[in-house]
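> Please see the structure below; I have some questions.
No value in this document is a laboratory result; all are computed from the given coordinates. Remember, predicted model here, so these are calculated numbers, not experimental data. Cβ atoms come from the backbone with ideal geometry, glycine included; neighbour counts cover every protein chain shown.
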Amino acid sequence: MNAQDKRVRLSVDEMRVICSLRGKDINSYKKADGTRNYRVKLTDQECAAIGRVRSKVSQKNGCTPPEIDLVELERLRGKEEEMNQVLEALKISGGVEVHDIKPPSSDQDRQTIPIVQFSDWHVEESVNKDSVLGMNEYNPEIAKERADSVIFQMCKIISHHQAKYNINSVVIALLGDFIGGWIHEELMQTNSEAPLAAIRTARNLLLSGLKHMHENLKVEKIFVVCIGGNHSRTSRKIQYSNFSDVSLEYGMYLDLQEICKQMGLTKFEFIIPKAQLAVVSLLNKKILFAHGYEFKYHGGIGGIYPPMLRWFFKISKSLKVDKAFLGHWHQPIFTEQCVVNNSLKGYDAYAMDKGMDFQPPSQNLILLDSRYGFCMYQQVFPF
């Protein structure tokens, strides 16, 4: 039998026995690293010789010698022979080729723009957890915690994407309803602040968030698109021709623009239309920003999708837009035509009464890529 595949550990005396059988000098063998022993392959004859040596030593010392399992050695040798046959077959059929995976070459001309959607914070509104069976709770203190958490996470996620994408600018879409206002009698009874006090609270939260994003986003430009919602109006009904004149949020946006300028936050470029919507061109895409009250839902199969898509196709005929970014509906929706933001307020008694699906509070983050278009849609949760 040929030499076994498994190496056997031998003492110096045992190695001398093997050298005498092989007719070789013991100095021609090297000891195992860090030990006084040798590790060598043995034939069956050599194994038997070592077995006899160990047996004599063990009998002299009154103990049982360790056995060399020749059957196991033979099994292992058979496995190696089987593997060698497989490798030979692969060589005949063309061989195995393995290469190192390297990062792709960078495309400096390719640009990516994150679009952050902030809307429907309703900072002064309250949700009593008993009114929604414990599924949510909301008040101005929780509003601040959620806003701060979402803003912090937005910055971390965008910074993470900068390792893979060429991001030099960011769009922040402020899409309205940062306050609840007094547009319904119930809100007059349950809101923790009057509308003017609430708009100051919302302004301070947004200003703190904008400052944090200015300091922590390593980009050259931050575009802030400002759209008023329906809850911040001072009129009984929505006004169209004088929309900005009756919108508390329109005045808040002008304040934010001026304060950011006074604070030296030079990355910001504000877009504050007097109309209830804005159209902005980004990376060869025309994007419509609106609050989302422009279409109505009166129930029926399909939810808001049918009226939303009818509205989009109708307005895109005249404005020639590629996608609409909306708020208002307090639920995350991502379609080829529209991106609807969720609310920071979360589930409330109205949603439960209407049988709407439970939605945990979140805000949207979308990536627009110059090569692949809208390539990522993500909800950012405040927890």
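> Mean separation of Cα pairs under 8 Å and 6+ residues apart, divided by the residue count of the chain: what relative contact order is that in percent?
Relative contact order, the chain: 16 percent.
> Can you tell me the orientation of helix 70-92 relative to the chain, as the angle in degrees between its alpha-carbon axis and the longest Cα principal axis, to the nearest 10?
Approximately 60 degrees, to the nearest ten.
> Please list 220-227, 281-288 highest first by mean number of surrounding beta-carbon atoms within 10 Å per residue.
220-227, 281-288
> Still on this structure, I have one more. Give me the one-decimal nm value for the distance between modelled label points at Glu269 and Tyr350, 7 Å along each residue's Cα-to-Cβ direction.
The two pseudo-label positions are separated by 3.6 nm.
> Report, in listed order, any pair from Lys129/Lys296; Lys237/Lys296; Lys267/Lys320; Lys102/Lys164 with a Cα-Cα distance greater than 18 Å.
Lys129/Lys296; Lys267/Lys320
> Say the dipole of the chain comes from +1 at the beta carbon of Lys and Arg and -1 at that of Asp and Glu; which of Phe243, Met15, Pro361 then lies farthest toward its positive end?
Met15
> Among the DSSP beta bridges whose two residues both lie in the chain, what percent are antiparallel, rounded to the nearest 5?
Here the share of antiparallel DSSP bridges comes out near 55 percent.
> On a C-alpha basis, how far is the centre of the range 350-366 from the centre of the range 232-295 in Å? Whole number, if you could?
Cα centres, the range 350-366 to the range 232-295: 24 Å.
> Among Ile167, Gly181, Met135, flag the residue with its Cα farthest along the positive direction of the charge dipole of the range 117-185, charges on Cβ as +1 for Lys/Arg and -1 for Asp/Glu.
In the range 117-185, that residue is Ile167.
> Right, here's the next one. Per 0.36 nm of contour for each residue apart, how much would the distance between Lys102 and Arg371 grow if the chain were fully extended, relative to their Cα-Cα spacing?
94.7 nm
> Quick check on packing: order 330-339, 297-306, 111-120, 231-240 by the mean number of other C-beta atoms within 10 Å, highest mean leading.
Those peptides, ordered most packed to least, come out 111-120, 330-339, 231-240, 297-306.
> Efficiency by 1/(1 + (r/R0)^6): what FRET value for Ser192 and Phe152, r their Cβ-Cβ distance, R0 = 22 Å, to the nearest 0.05?
Computed FRET efficiency for Ser192 and Phe152: 0.35.
> Turning to a different aspect of this structure: Under a straight-distance cross-link criterion of Cα-Cα below 13 Å, which aspartates and glutamates are reachable from Lys79, leaving out those fewer than 8 residues away in the same chain?
The qualifying aspartates and glutamates are Asp5.
> Mind checking which aspartates and glutamates have their C-alpha under 18 Å from Lys274, skipping anything on the same chain fewer than 8 residues away?
Partners within reach: Asp177, Asp245, Glu249, Asp255, Glu258, Glu294.
> Nearest 20 debye, what's the magnitude of the dipole of the chain about its Cα centre given +1 on Lys and Arg Cβ and -1 on Asp and Glu Cβ?
Around 1340 debye, computed over the chain.
> 222 nm [θ] for the chain, helices only, -39500 (n - 2.57) per DSSP H run of 4+, per residue, to 500?
-11500 deg cm²/dmol
> Would you work out which of Ala349, Ile272, Leu87 lies farthest towards the positive end of the dipole of the chain? Charges go on Cβ: Lys and Arg +1, Asp and Glu -1.
Leu87
> Report the Cα centroid-to-centroid distance between the range 299-318 and the range 122-166 in angstrom, as an integer.
Here the two parts' Cα centres lie 28 Å apart.
> Listed highest first by mean packing, meaning other Cβ atoms within 10 Å per residue, what order do 128-140, 144-156 come in?
Result, highest mean first: 144-156, 128-140.
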